[in-house]
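Beneath this line is the structure, given in structure tokens, with notes to follow.
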């Protein structure tokens, strides 16, 4: 039986990936700050990954305007990769963002691009799943662009995706062979309805 460790907060994607993996018969566990197993600080990862075949990285920073995103994702990836090498993990699956390399003015996307580069250059077999923005966060986005009772949206094109579809794409990659590359998960609008593009 494949043993898979999903590292991240007990968040929207992590819990759904675990549910899908277990439903498919995988021995999957969620390593979170609450369990004392986290990439930052360096707590319990070596023991957690012992015997693991796959590491799924859906880690994300806590919401904070003062957080150094570059430091968070660099430290997280470096710590996880070091533990993965010690455990001889056969597949590192990273959840990332579509367009991560196309908007360098975004500190978040720059940090994610650095994280991707660390994983890709690590020598650990890997797959990167890039997802578009989650439909589940529509309320958060609306609050961010609302001021004085008016909503002001920037001129951008978004193709949001449901978190269930992202979790499915990540879980599918976790039980598959390493791609040593990138796949995207999102929705493409077609004349006859919605087509899900998944890894």
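The values are calculated or read from the model by the stated rules, or taken from the named source; none is laboratory data. Remember, predicted model here, so these are calculated numbers, not experimental data. Note: ideal-geometry Cβ built from the backbone for every residue, glycine included; neighbour counts use all protein chains shown.
Quick rundown of the values:
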quantity	calculated
Sole exception among (1) modelled with pLDDT under 95; (2) in contact with a strand residue (DSSP E or B) (Cβ under 7 Å, 6 or more places away or on another chain); (3) surrounded by fewer than 18 Cβ atoms within 10 Å (Cβ to Cβ) for residue 120, by number	(1)
Residue within segment 95-108 that is touching a helix residue (DSSP H, G or I) at 6+ places or on another chain (Cβ under 7 Å) and in a helix (DSSP H, G or I) present	yes
Residues that are at pLDDT 90 or above and not in a loop (DSSP other than H, G, I, E, B), drawn from segment 50-69	54, 55, 56, 57
Boolean, residue 117 is without any contact (Cβ under 8 Å) to a residue 24 or more places away in the chain and closer than 28 Å to residue 20 by Cα	yes
Test: residue 165 is over 14 Å from the mean Cα position of the chain (by Cα), outside any loop (DSSP other than H, G, I, E, B), within 29 Å of residue 5 (Cα to Cα) and at pLDDT below 90	no
